[in-house]
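Worksheet: one structure, shown below.
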Amino acid sequence: MTSSGTNPPDGPSWTTAWELLLPAAGAPARRRGRALQSALRESVRSGRLAAGTRLPSSRELAADLGVSRGLVTEAYEQLTAEGYLRSDRGAGTWVGDAARAGAGAARDLAPRASGARVDFRPGTPDLSLFPRAAWAAAHKSVLARLPHRALGYPDPRGLPELRTALASLLVRRRGVVADPERLVVCSGVAQAMTLLGFVLHGHGLRTIGVEDPGSPQHGPLLAAAGLGETPLPLDDDGLAMEPLHRSGVRAVVTTPAHQFPSGIAYSARRRTELLDWARSVDGLVVEDDYDGDFRYDRAPVGALQGLDPERVAYSGSVSKSLAPGLRLGWLLVPDRLADEVVERKRTMDLGNPSLDQALLADFIDGGGYDRQLRRCQRAYRERRDALVGALDEHFPGTEVSGIAAGLHAIARLPGRFGPEPRFLEAARRAGIALRPLAEHGTARYTDSAVRLVLGYAHLTPSDIARGIALVARETQGGGPAAP
């Protein structure tokens, strides 16, 4: 040890790091300098070269590594400028103490599969239905003809061609009033909710009504914008009006085409009453049309926004029709809020990626999106039928409520299969992931019936049948579940 308590150049810390520099010295001549700097920097950052370690002179290190002295001198100077090393005139070069070890390997915080044998939890489409070949062809075509200027910062509302394509699609399929100038391309419904939340907060709102039971996603998104949530109960027609009037809120989030999770569609009378309420309080209805395209027994009910585009903000996305990982959605806003929403979008992220937007516009205009919707509708209708059939077979008397639509169903199993906690524990033992309706709201039930929110879109008909059979076997005393 030296008098300063540090390792000399031939100490163990330096010997280990010197071995790490050898591969850099063997790099191609044009990259050797950068490779040496990178290896030396990483040795300091990782702690292999401890703070206070004295490095060999540039002449000595160059000789040991078989490189030019200038290469080592340049590396020392660069890392000294960056703070990794320090150099004292006449006293040599030392490892500085500013560097700290970086984080380890990057973690993946994406939602994970439960590991269950069959997972009936709702919210996931069948990602294997994503049209890879058609998407790849559109990607190649769009990239080849996209002008260079389109790769700059986009209009924060979205590319004009995508807003035009989306407006035409939404008018045709969802019956909305879609002015492309009031349509904002977002990173899914999640960003649409957050954008609106910030704007409403700026207008003085501090609470917003949410359906009870309702989507668990709405509350945290609105809370991020500073808005509290007021749970509002439902009745058979939709959001119950008397509690809404008593609540004092001036904005409410709804899923009127296919309420999540109850599965009902708001009645025509309730739609009218809801809009009358919004006009009476100078308020806003936020419509989350998360799966409005998927109706299996008749044509989908049109969006609420079409009845009064100045009192309804309308949001949707391709998360259920294509894939949530695309992070592409839209928001149609009343004219009085449009400028504020666009400015908030600008400051939030300067707009969605141009290439992704151009690709979706091409996919819509070329008919690919309509074909994809038809494909998904056929598959999901078959899977819903499989679920209803399996429940009828293994749990006679089960009521499947709500309209034949969407990606999930509500099942009320008779009390003889309960109580619910025991049923859920038995399903867990069988390796089946279930979600009770109670997790989606504040309502509590006193009977022994089992109420489940069952997702089916991501499961094959055979998986659905197998999963329900496994639950039945475990909960009805039929012995251990078969693999």
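The values are calculated or read from the model by the stated rules, or taken from the named source; none is laboratory data. The structure presented is a predicted model; accordingly, all values stated were derived computationally and were not measured. Quick reminder, even Gly has a Cβ in these numbers, built from the backbone with ideal geometry, and neighbours come from all protein chains shown. Surface accessibility is based on the protein's heavy atoms, side chains included, excluding ligands, DNA and RNA. Shrake-Rupley method; radii C 1.70, N 1.55, O 1.52, S 1.80 Å.
Sequence gap at least 6, Cα distance under 8 Å: using those rules, report the relative contact order of the chain to the nearest whole percent.
Dividing the mean separation by the residue count of the chain yields 16 percent.
Return one whole number: the accessible area per residue of the chain in Å², for a 1.4 Å probe.
Heavy-atom SASA per residue in the chain reads 46 Å².
Once you mark the trypsin sites (Lys or Arg not before Pro) that are in a DSSP loop and have at most 13 other Cβ atoms within 10 Å, what is the longest gap between them in the chain?
Longest stretch, sites excluded: 299-443.
Relative to the Cα centre, what is the charge dipole magnitude of the chain, using +1 at the beta carbon of each Lys and Arg, -1 at the beta carbon of each Asp and Glu, and rounding to the nearest 20 debye?
Charge dipole of the chain: 1200 debye, to the nearest 20.
Round to a whole angstrom and tell me the spacing of the C-alpha centers of the stretch 105-119 and the stretch 418-472.
Centre-to-centre distance over Cα atoms comes out at 20 Å.
Could you please state how large a percent of the accessible area of the chain is carbon and sulfur, counting protein chains only and using a 1.4 Å probe?
For the chain, the apolar C and S fraction of the accessible surface comes to 51 percent.
Going by a ≥ b ≥ c, the root eigenvalues of the Cα gyration tensor, does the stretch 341-423 fall in the rounded group (a/c under 1.5), the prolate group (a/b larger than b/c) or the oblate group?
Here the stretch 341-423 falls in the oblate category.
Under the rule a/c < 1.5 gives rounded, and otherwise a/b versus b/c splits prolate from oblate, where does the stretch 182-300 land using the Cα gyration tensor?
oblate
Using the Cα gyration tensor of the stretch 208-261, with a ≥ b ≥ c the square roots of its eigenvalues, what is the shape: rounded (a/c below 1.5), prolate (a/b larger than b/c) or oblate (neither)?
Because a/c hits 1.5 or more and a/b fails to exceed b/c, the stretch 208-261 counts as oblate.
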